[in-house]
Amino acid sequence: MTELRQRAVREDAPPEDKESESEAKIDGETASDSESRADPAPPPASVDDTPEVLNRALSNLSSRWKNWWVRGILTLAMIAFFFIIIYLGPMVLMMIVMCVQIKCFHEIITIGYNVYHSYDLPWFRTLSWYFLLCVNYFFYGETVTDYFFTLVQREEPLRILSKYHRFISFTLYLTGFCMFVLSLVKKHYRLQFYMFGWTHVTLLIVVTQSHLVIHNLFEGMIWFIVPISCVICNDIMAYMFGFFFGRTPLIKLSPKKTWEGFIGGFFATVVFGLLLSYVMSGYRCFVCPVEYNNDTNSFTVDCEPSDLFRLQEYNIPGVIQSVVSWKTVRMYPFQIHSIALSTFASLIGPFGGFFASGFKRAFKIKDFANTIPGHGGIMDRFDCQYLMATFVNVYIASFIRGPNPSKLVQQFLTLRPDQQLHIFNTLKSHLTDKGILTPALEDE
């Protein structure tokens, strides 16, 4: 009887209702099926990934203090590793950035795969890694052409690859796009497009911003080290202030974050940024742009420091003079820029962490992975760093970087002789009109 009633209701339904119902089933699944299938799988039970040595050594402590010591010890280990890779030079730093990028991409893609693995979507992980390869080929190809221009022009295969780089990159991406279309399976269309978007958003967050880290590094290691160090300092000091003085919750996405930690981390980071900038501004190996030497086939960081890294005397405002009894102070102009960097790292940078927290809560997971005991995955440590890298790149382009004469000369040398002669005559005429070159010198 129930079945007959349901059939009668369906037959009496208006035509537009029947059409919408048939549209909902057009890809082989009803709306209820789609909703039930879109729910993430239950998260795996949390596992204590703390090294056994630390577990035994800290067994007598409460869980709160045990977590404090575990985080502290492993933080010091990561800082020591950071110093080692800085000592090894820019080439090693670029390789580390590449490895971090791949690991972060793997962690995010794995979450998507774990959530939807029961659907047996064809080619999902294969296409995800293929698109990662395509995007890296495009970005790193652009970087090689930009910073290794002379080397590229000297080697015929590299010159051809450089000339057609964007066309090759587009062709590679188009191949992946066609492969995705061919992989579409009935009953899973919507889900497959979800995962296609998942992959591309991950590429935007991870690969694009890690490419900006490389660009910051080429501007000088100080533009790489100071921003990263400010984010690390803010993370540590916010945790310390919150651990000992935290009482007021800051944001619901991260219940353990407090206003006391947020404010304490800000002031500590600004002071740290000023001190670190003062120390690093005195060394050419940190302030000089990273350039490729064609004669030695190696990177060089030797130059005459710009005014940004020369000590200058500044007048102290009258209000502050009455407190510190100083009229002037000698400091590097870069220290003023470091205030902007440390302010962003402590006030805006944490929102990268809040974004990651919201992402993890949406999929009911604690961490992106368990790579680092007490800290989660690599992405858990770099959620703020990527946002910071984008800000630094925009900051340099807006307030620091000017025309690069060496790049202009490199491009000039690749022109045809008649084009070079035309530019030479135009430039000579321009300099003569401005009085930089005298007519007598021109005649000679």
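The values are calculated or read from the model by the stated rules, or taken from the named source; none is laboratory data. Everything numeric here is computed off the predicted structure, so don't read it as measured data. Counting neighbours? That spans all protein chains shown, and the Cβs are built from the backbone with ideal geometry, glycine included. To get the accessible areas, we keep the full protein, side chains included, count just its heavy atoms, and leave off ligands, DNA and RNA. Shrake-Rupley method; radii C 1.70, N 1.55, O 1.52, S 1.80 Å.
Side notes on the structure shown:
- Calculated on the Cα set of the range 303-388, radius of gyration then Dmax: 20.3, 56 Å.
- Distance violations [Cα-Cα > 18 Å] among Lys257/Lys360; Lys407/Lys434; Lys256/Lys360; Lys103/Lys252; Lys186/Lys364; Lys257/Lys366: Lys407/Lys434; Lys103/Lys252; Lys186/Lys364
- Protection proxy ranking for 142-151, 202-211, 223-232, using the average of other Cβ atoms within 10 Å per residue and placing the highest first: 223-232, 202-211, 142-151.
- Counted over the range 147-295 with a bin width of 10 Å, the fraction of Cα pairs per bin, in whole percents, is 9, 19, 22, 22, 19, 8, 0.
- Where the Cα pairs of the range 341-390 fall when distances are cut into 5 Å bins, in %: 5, 22, 27, 23, 15, 7, 1
- Only protein heavy atoms count here; under a 1.4 Å probe, Met94 has an accessible surface of about 20 Å².
- The spread of Cα positions in the range 86-162, taken along each principal axis and listed from longest to shortest, comes to 52, 35, 13 Å.
- Plainly put, the range 230-292 has a radius of gyration that is 1.21 times its Kirkwood radius, both from alpha-carbon atoms, as the Rg/Rh ratio.
- The packing ranking, built from the mean of other Cβ atoms within 10 Å per residue, places the peptides 251-257, 127-133 in the order 127-133, 251-257, highest first.
- Both radii come from the Cα set of the range 297-444: Rg as radius of gyration, Rh as Kirkwood radius; their ratio Rg/Rh reads 1.18.
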